[in-house]
Amino acid sequence: MNKDFDEFITIELPDYAISIAKSEVLKRVFLLMVNRKLNSGAGYVSRPVAEDLQYIYQIDISDITEKKTIISLQNKHLKDADFTEEELYAAAYKNTIEKYPSKIRVLGEFHKCDLLGDGFIKNPSENMYIISNAFFQYGASTILYPEVADELNKLLGEYILIPFSIHGWIACKPQDKRTQDFNSKIKEFYYSKLDPSEWLSNHIYKFDEEGNLVSVYEKG
């Protein structure tokens, strides 16, 4: 292959195509955590995270197109620019943490928690937290930021992780009836309110001793 061609990827847009240098891709790329089954067959460059979770890689080219444009990288792009997935992951992980820092909020104070409006959980602010980025958009990847597990340990001690959507997670105590009720409420919210593209997982997770996400059981 021509060496100069190898250093670019071609992005096909509805009306035209653009070429982006490999070095520019590495500056822009970030991670999005998604459901593995829902995204199988899409041809995305992906990296397994846990049982039914994976990362895909996205780049924001809104400044080039002059409108909001985020592209999910596909396997063919790796071949075009002679990428390795490890090279892409290292850049994306660094960029995601720097550009989209994590934020842990008390669930009872969170402005999107109207699903708790019936009051079936007493004092949610005492033992439930939502983990995302500052914008609560596409923030599920924050759960694997280095500082998050330590912070949750300080806040909760023992806890489980409920995948709220591709936008974030909920951390809460594992061993009471309120948690079981909450799991059912989240599942109901999941399938009645969220677009399927926003679904993340039907499993409850926790961290193992090495800091990996492991499935505990399914919701509901």
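Taken together, the values in this text are just the output of simple stated rules run on the coordinates, not laboratory data. Predicted model, so just to flag it, every value in this text is computed and none were measured. Don't worry about glycine lacking a Cβ; one is built from the backbone with ideal geometry, like all the others, and counts go over all protein chains shown.
Given points 7 Å out from each Cα along the Cα-Cβ axis, report the Thr84 to Ala42 separation in nanometres with one decimal.
According to this spin-label approximation, the distance is 2.6 nm.
How high is the FRET efficiency from Glu7 to Asp195, r the C-beta distance, R0 41 Å, rounded to 0.05? Could you put the intermediate results ahead of the total?
On the way: r = 37 Å, r/R0 = 0.90.
E(calc), rounded to 0.05, equals 0.65.
List residues of the range 80-94, by number, whose backbone nitrogen lies under 17 Å from a label position 7 Å along Cα→C-beta of Ile64.
Label zone hits: 80-83, 88, 92.
Of the cross-linked pairs Lys37/Lys206; Lys94/Lys173; Lys37/Lys154; Lys79/Lys206, which ones have a Cα-Cα span greater than 26 Å in the structure shown?
Those over the limit are Lys94/Lys173; Lys37/Lys154; Lys79/Lys206.
Please sort 163-170, 34-41 by packing, taking for each peptide the average over its residues of neighbouring beta carbons within 10 angstrom, highest first.
Details: 163-170: 24.5, 34-41: 16.1.
Ranking, from highest mean packing down: 163-170, 34-41.
Taking R0 as 25 Å, what's the FRET efficiency between Val216 and Leu155 from their Cβ-Cβ distance, rounded to 0.05?
Numbers: r = 19 Å, r/R0 = 0.75.
Taking R0 as 25 Å, the efficiency between Val216 and Leu155 is 0.85.
Quick one: which of 198-207, 20-29 comes out on top by average Cβ neighbours within 10 Å, and what's the full order, highest first?
Numbers: 198-207: 19.8, 20-29: 17.3.
Descending packing order for the listed peptides: 198-207, 20-29.
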